[in-house]
Amino acid sequence: MLTRSRLHRACSRLHREESGVAMVIAMMVVFVVVLLSIVVFDMSIHNSDQAAYDRKRVTSIAAAEAGIDRAWNLVQFTAPQSLPCGTSVSDALGSQPGPATFTIDFTWYKTGSTGATEPYATGTCPSQQDPPTAALITAVGETNTSVPRTMQTYVTLTPNYGGFGSAILAVNNTTFNNNFGILGQSGNDGNIYVTNGNLVINNAVSVYGNVYVHAGTAFMKNNAQINGELWANGNVTLNTPSTVGTNAISSTGYIDTTSDPGGTIGGFAMAGTTIEEPPLLISGSTYEYSPQGAPPTQDFPKLCQVAISGVCPAMPWTGYTVTSVTTCAAAQAFLDASLTGDQVLWIPSGCADLVISNNDVVNFSGNLAIVTNGKVTMENKNTWNGATGKKLFFISNYRSGLSCSSGAYDITTGNNSNFKNASVLFYSPCTVNLNNQNDFTGQVLGSTVNILNHFTMQYQPVLVPGLDSVQGFNQNVVYIREVTG
């Protein structure tokens, strides 16, 4: 039998025995590590999937926005009878992960018999005779045919008649040193386009429309006010107290100021490089380093009295009586008669400068066009009495290779020239000069446009017969937003 002391020693040895404990602990540690590894791996997969999903969402919204941009471009340059009607427009982007695609659907609206905006009847599409006045554009972007996101915009539309969709269209560098106002035909559609040069506004200009500088820069100071959007391909400089009512965009350059405080932007500011805020006062968001394509432009129309092969056809003047004269005296005698019916005064040669004298009065009850191979100069206080709804054209005939520096092809108004009732088109392939107090309704189209002092113009397209088909639409964005469902 074991004595008490021997039993105690045996139990002590049993309790001190540690064989196999290390193995158990090691297995437990391995198990914990494996569990942690599984958790970390699962979280990594989840985060990777979530990151991929988020990237697809971002790519999809970018594709949807690209669809909206594509739709705007299509509407701007497409005749009404060629607009997508009952069909979708689809395209793909080069984004990764790809392919990223967008699908665009259009709902077209017109002005109904009651004057209210209404959709076209089922099976009816826009046409030259019945162009749309608004559009609802929906673009759905997808990445790898998944994660769709939808952008939607509603725009009101005004017709663009092949270069006649602007209040002022200038080709070269344009400087406005004096104050004038441009009113829209329908809201803020009194647009100014500068196609190749820079724009400088040094005084109190008030524009109820958008200003697009397709290839150059834009500069504003003093009390210049653009109630719509200012968009230049190059730099945009806004000095106090100049104001842009909605958005200011520089496609490739910066938006800045050389004054403190700077000018005011009522909407967002987007630039290809930097935005100087402050001292610029910007109500909306700012988007730096966001380069994009050049702003919209207008083709400068070529108004040829005599056809130029491969350049432009002759203006048809259908329904007009064309009278050709070769002296300034004969031209003046024609204008001094009381003109009835639609008339064209054509001056091919012999009168290099048709001068409308002080206090001269021209009366016409139909449409009247003055077309010359020279220039037209109006002295002070001449009056043009037209009839409501009629048109008055001052056209320096388009020709290739003109030397404009001589001023031999300019259209120039005098102080206090009055244009009553009829809408007026001033057109020169060289320069149009507008002097004091020449209030009128119409358009100004010239390679160079000089505003020499105060006037107010209300924009209205003044269409030359034969060139009056709708080539596209100017757009006023009412809203743009992401939608669900």
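In the range 175-194, which residues are surrounded by fewer than 20 Cβ atoms within 10 Å (Cβ to Cβ) and either touching a Cys at 6+ places or on another chain (Cβ under 9 Å) or more than 20 Å from Phe440 (Cα to Cα) (or both)?
Matches in the range 175-194: Thr175 only.
Go through the range 182-203 and count every residue that is closer than 16 Å to Thr243 by Cβ and aliphatic (A, V, I, L, M).
Count: 4.
Determine which single condition Ser405 fails, assuming it passes every other condition in (1) in a loop (DSSP other than H, G, I, E, B); (2) of a type in the set (Ser, Thr, Tyr); (3) more than 23 Å from Gln460 (Cα to Cα).
(1) is the only condition that Ser405 fails.
When the range 176-195 is examined, which residues are found to be out of contact with any Phe, Trp or Tyr (no Cβ under 7 Å at 6 or more places or on another chain) and farther than 18 Å from Met220 by Cα?
Matches in the range 176-195: Ser186, Gly187.
Do we find a residue being in contact with a helix residue (DSSP H, G or I) (Cβ under 9 Å, 6 or more places away or on another chain), charged (D, E, K, R) and more than 26 Å from Pro461 (Cα to Cα) anywhere in the range 267-281?
The answer is no, given that none of the residues of the range 267-281 is in contact with a helix residue (DSSP H, G or I) (Cβ under 9 Å, 6 or more places away or on another chain), charged (D, E, K, R) and more than 26 Å from Pro461 (Cα to Cα).
Quick check on the range 133-158: of everything there that is β-branched (Val, Ile, Thr) and in a loop (DSSP other than H, G, I, E, B), which residue is nearest to Ala100 (Cα to Cα)? Steps first, please.
As a first pass, look at the range 133-158 and keep what is β-branched (Val, Ile, Thr): 133, 137-138, 140, 143, 145, 147, 150, 153, 155-156, 158.
From what is left, the residues that are in a loop (DSSP other than H, G, I, E, B) are 133, 145.
Details: Thr133: 31, Thr145: 8 Å.
The selected residue is Thr145.
For the structure I just gave you, tell me whether Ser403 is over 25 Å from Ile168 (Cα atoms) and either at pLDDT below 90 or among the small types (Gly, Ala, Ser) (or both).
Working: over 25 Å from Ile168 (Cα atoms): no; either at pLDDT below 90 or among the small types (Gly, Ala, Ser) (or both): yes.
No.
Among the candidates Asp360, Asp353, Asp342, which residue alone is surrounded by fewer than 22 Cβ atoms within 10 Å (Cβ to Cβ), over 29 Å from the mean Cα position of the chain (by Cα), closer than 25 Å to Ser166 by Cα and of a type in the set (Asp, Glu)?
Working: Asp360 fails: closer than 25 Å to Ser166 by Cα; Asp353 fails: closer than 25 Å to Ser166 by Cα.
Criteria check complete, one pass: Asp342.
Here are Thr195, Thr237, Thr246, Thr217: which of them is farther than 24 Å from Gln76 by Cα and among the β-branched types (Val, Ile, Thr)?
Numbers: Thr195 fails: farther than 24 Å from Gln76 by Cα; Thr246 fails: farther than 24 Å from Gln76 by Cα; Thr217 fails: farther than 24 Å from Gln76 by Cα.
Step by step, each of Thr195, Thr237, Thr246, Thr217 is checked, and only Thr237 is farther than 24 Å from Gln76 by Cα and among the β-branched types (Val, Ile, Thr).
In the range 453-467, which residue that is crowded, with 19+ Cβ neighbours inside 10 Å and within 22 Å of Asn178 (Cβ to Cβ) is modelled with the lowest pLDDT?
Ranking the candidates gives Phe455 first.
Do we have Thr377 as on the phi < 0 side of the Ramachandran plot and either more than 36 Å from the chain's Cα centre (by Cα) or in a loop (DSSP other than H, G, I, E, B) (or both) here? It would help to see each step written out before you state the result.
Numbers: on the phi < 0 side of the Ramachandran plot: yes; either more than 36 Å from the chain's Cα centre (by Cα) or in a loop (DSSP other than H, G, I, E, B) (or both): no.
No.
Find the residue count for the range 433-485, including only residues that are among the aliphatic types (A, V, I, L, M) and part of a loop (DSSP other than H, G, I, E, B).
6
When residues of the range 162-173 are filtered for being in contact with a strand residue (DSSP E or B) (Cβ under 7 Å, 6 or more places away or on another chain) and at pLDDT 90 or above, how many remain?
Number satisfying all stated conditions: 6.
How many of the residues in the range 140-191 are among the small types (Gly, Ala, Ser), touching a Leu at 6+ places or on another chain (Cβ under 9 Å) and within 21 Å of Pro429 (Cβ to Cβ)?
We begin by selecting, within the range 140-191, every residue among the small types (Gly, Ala, Ser); these are 141, 146, 162-163, 165-167, 170, 181, 184, 186-187, 190.
Subset that is touching a Leu at 6+ places or on another chain (Cβ under 9 Å): 141, 162-163, 166-167, 170, 190.
Checking which are within 21 Å of Pro429 (Cβ to Cβ) leaves us with 162-163, 166-167, 170.
Residues in the range 140-191 being among the small types (Gly, Ala, Ser), touching a Leu at 6+ places or on another chain (Cβ under 9 Å) and within 21 Å of Pro429 (Cβ to Cβ): 5 in total.
I'd like the full set of residues that are under 17 Å from Thr321 (Cβ atoms) and of a type in the set (A, V, I, L, M), limited to the range 344-395.
Val344, Leu345, Ile347, Val362, Leu368, Ala369, Ile370, Val371, Ala387, Leu392, Ile395
Right, Val483: more than 20 Å from the chain's Cα centre (by Cα) and either surrounded by fewer than 22 Cβ atoms within 10 Å (Cβ to Cβ) or among the acidic types (Asp, Glu) (or both) or not? Spell out how you get there, then give the answer.
Numbers: more than 20 Å from the chain's Cα centre (by Cα): yes; either surrounded by fewer than 22 Cβ atoms within 10 Å (Cβ to Cβ) or among the acidic types (Asp, Glu) (or both): yes.
Criteria met by Val483.
Being at pLDDT 80 or above, assigned to a helix (DSSP H, G or I) and not hydroxyl-bearing (Ser, Thr, Tyr) is the requirement here; does Ala26 meet it?
Values: at pLDDT 80 or above: no; assigned to a helix (DSSP H, G or I): yes; not hydroxyl-bearing (Ser, Thr, Tyr): yes.
No.
With the checklist (1) touching a residue at least 24 places away in the same chain (Cβ under 8 Å); (2) out of contact with any Pro (no Cβ under 9 Å at 6 or more places or on another chain); (3) outside the structural domain of Ile192 (by TED's automatic domain parsing) in hand, flag the one item Ala333 doesn't pass.
Single failed check for Ala333: (1).
The values are calculated or read from the model by the stated rules, or taken from the named source; none is laboratory data. Small disclaimer: the values here were computed from a predicted structure and weren't measured. Cβ sites come from the backbone with ideal geometry, for glycine too, and all protein chains shown count toward neighbours.
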